[in-house]
Amino acid sequence: MPNSAALASSTDKARSLMNWVKDSALGIVSTASFPAIIGVADAMMKSSNVYLVGYEKTGGGQCSAIVRGGVADVRMAVHAGVETAKQFGQLVSSSLIPRPMADMEKVLPILPRISELEGVGETQMSSGAIGLLETRGFPAMVGAADAMTKSAEVELISHETIGEGLCTILIRGSLSNVAIAVEAGMHEAERIGELSAVMVIPRPLNDLERTLPKAKQTKKPQKVKLPLKLEERQKELMPAQAPVVEVQKQKQKELDLPEFE
């Protein structure tokens, strides 16, 4: 467990980041696809020094990426996000607010709690990749997920729904494996139902991975230790049988007739 000094340092860092976020500009980009908004968020974070607060799903298949930072950085990030969304034909709208009012913090997810700021602000890139595949309809997503895991060595992260029947499966692995898995999932999704969108993000930032939906943790099954100590089975009791010789002698006596003089 971390010592008290490490916890204090982490808390101070979180408070400092919170104060910076509170006084910073607000940028929002909205798309009509969950894989597209993840790609938009990745482009926004890699284009300038901004903090990704998270996502807002407004129903109807639309979702928004929200970033905070300096006005110039947020402007660059919003521009990068808009261009990325246009490439996929998924842009809905965008907004830049240089100085959002404090009252907006109460109704919008633009100021996370201190506890949610632990470990953020890390701009290191992962060595792997993230793949997202979106379908219209749950059966197609499940079939695609099955094909993806069977075609390459990838890990299922979770799935996400944003309305209008749009379902997204998220996977993680090496770039080559993710690319193979996504291609296999695309063919299976088109065979079962309707493929909506796909996205492969190489070397995602740690802050981006932090915002991704995660599956609920379940208790790990305990390993069975061998050898097992099994109780000895009781031998089945067989009905007692008379010796064959004795039975034959008894029958012989019964058959012997008395001799008459």
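The values are calculated or read from the model by the stated rules, or taken from the named source; none is laboratory data. This structure is a prediction, so every number in the text was calculated from the model and none was measured. So basically every Cβ, Gly included, is an ideal-geometry build from the backbone, and we count neighbours across all protein chains shown.
Here the condition is being at pLDDT 85 or above and either at negative phi or outside the structural domain of T84 (by TED's automatic domain parsing) (or both); of L208, L226, L255, it holds for L208 alone.
Of the residues making up segment 26-44, those that are in contact with a Pro (Cβ under 7 Å, 6 or more places away or on another chain) and part of a strand (DSSP E or B) number 1. Residues that are in contact with a helix residue (DSSP H, G or I) (Cβ under 8 Å, 6 or more places away or on another chain) and either within 22 Å of S196 (Cα to Cα) or in a helix (DSSP H, G or I) (or both) are absent from segment 66-75.
Taking the criterion of being in contact with a helix residue (DSSP H, G or I) (Cβ under 7 Å, 6 or more places away or on another chain) and either modelled with pLDDT under 90 or β-branched (V, I, T) (or both), the residues of segment 36-51 that qualify are V40, V50, Y51. Taken together, the criteria place I157 among residues that are outside the structural domain of A36 (by TED's automatic domain parsing), in a strand (DSSP E or B) and modelled with pLDDT under 95.
Name, by its number, the condition in (1) at pLDDT 95 or above; (2) surrounded by 17 or more Cβ atoms within 10 Å (Cβ to Cβ) that does not hold for G193. Going through the list (1) at pLDDT 95 or above; (2) surrounded by 17 or more Cβ atoms within 10 Å (Cβ to Cβ), G193 breaks only (1). Scanning segment 56-82 for residues that are among the acidic types (D, E) and within 23 Å of L166 (Cβ to Cβ) yields a total of 1.
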